[in-house]
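Down below is the structure, laid out as C-alpha cells.
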Amino acid sequence: MQLRPYQTQIVDEVISSSRNRLLIVLPTGGGKTIIMAAICDKKRQKTLLLAHRDELLYQAKNRIKDYAPHIKTSICSEGNTDFSGDVVIGSVQTLCRRLDEVREFNPSIIMVDEAHHAQADTYKKILFNVEQAKWIGVTATPDRTDNKDIEQIFGEPIQYSR
C-alpha cells in the first residue's frame, strides 16, 4: 500500500517532531486511518488508538493489518478487553473504565481518531492517565459546536501541502 505524497509528508513530520502533542487535520477521504497505520509502522512503539465507535475500531485494525501485517493489534471494547497487541485499538467508553490496565499497558503513543471529541471528559480521563505518552489527534472537523478548542490538547495542526 503506497502513501500519497502529502500523507508521507504528514507521517514524516510526526516521526521527526519533538512535540509531544500533535494534531493532524485532513478532510474526509484524506486517508487519516492509513496515516495512523503508517505512524504505527514507522514508530514501532506501544500504541493506544482511541475511537468512539466499534466500526472505527475495526476499520483501524483492518487498515493496520493491510498496511503493516507484522504489527500485532488487539481490540479493547465491550466484552473484549485485549491489551496483548503492540497496538491496542480501544473504545473510549471501555478504556475509561479500565484505566489501571491502560496504565499497565503504558503506551508510548496515544492516537485519537475523531480527535474533535478529545475535549470530552472521558477522553481527557484516558489521555491524562498516560501523560508521558506522545498524543496524536486525527480529525476532519477540528471545530466543535461547543467552541472548546482541541488545540488546547494537541497544539496547532501539522502543516502540509496537498
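The values are calculated or read from the model by the stated rules, or taken from the named source; none is laboratory data. Just so it is clear, the structure is predicted and the values come from calculations on it, not from any experiment. Positions of Cβ are backbone-derived with ideal geometry, glycine not excepted, and every protein chain shown enters the neighbour counts. The protein model used for the area step is the full one, side chains on, heavy atoms only, and it has no ligands, DNA or RNA in it. Shrake-Rupley method; radii C 1.70, N 1.55, O 1.52, S 1.80 Å.
Could you say whether any residue in the stretch 38-49 is β-branched (Val, Ile, Thr), within 10 Å of the chain's Cα centre (by Cα) and open to solvent by less than 70 Å² (accessible area, probe 1.4 Å)?
First, pick out the residues of the stretch 38-49 that are β-branched (Val, Ile, Thr): 39, 47.
Now drop any that are not within 10 Å of the chain's Cα centre (by Cα), which leaves 39, 47.
This time we only want the ones that are open to solvent by less than 70 Å² (accessible area, probe 1.4 Å), so: 39, 47.
Yes, the stretch 38-49 contains at least one residue that is β-branched (Val, Ile, Thr), within 10 Å of the chain's Cα centre (by Cα) and open to solvent by less than 70 Å² (accessible area, probe 1.4 Å).
The condition of being part of a strand (DSSP E or B), more than 23 Å from Arg103 (Cα to Cα), in contact (Cβ under 8 Å) with a residue 24 or more places away in the chain and among the aliphatic types (A, V, I, L, M) does not hold for Ile34.
The residues on offer are Asp100, Asp121, Asp82, Asp54, and the sole one that is among the acidic types (Asp, Glu) and touching a residue at least 12 places away in the same chain (Cβ under 8 Å) is Asp54.
The C-beta contact set for the stretch 138-159 (first residue part of a loop (DSSP other than H, G, I, E, B) and modelled with pLDDT under 75, second residue open to solvent by less than 70 Å² (accessible area, probe 1.4 Å) and aliphatic (A, V, I, L, M), distance under 8 angstrom, 6+ apart or interchain) comprises Arg144/Ile150.
For the stretch 109-130, taking the residues that are outside any helix (DSSP H, G or I) and small (Gly, Ala, Ser), the one that is most open to solvent (accessible area, probe 1.4 Å) is identified as Ala120. Only residues that are more than 13 Å from Ile126 (Cα to Cα), assigned to a helix (DSSP H, G or I) and either open to solvent by 40 Å² or more (accessible area, probe 1.4 Å) or not aliphatic (A, V, I, L, M) (or both) were counted in the stretch 52-108, giving 10.
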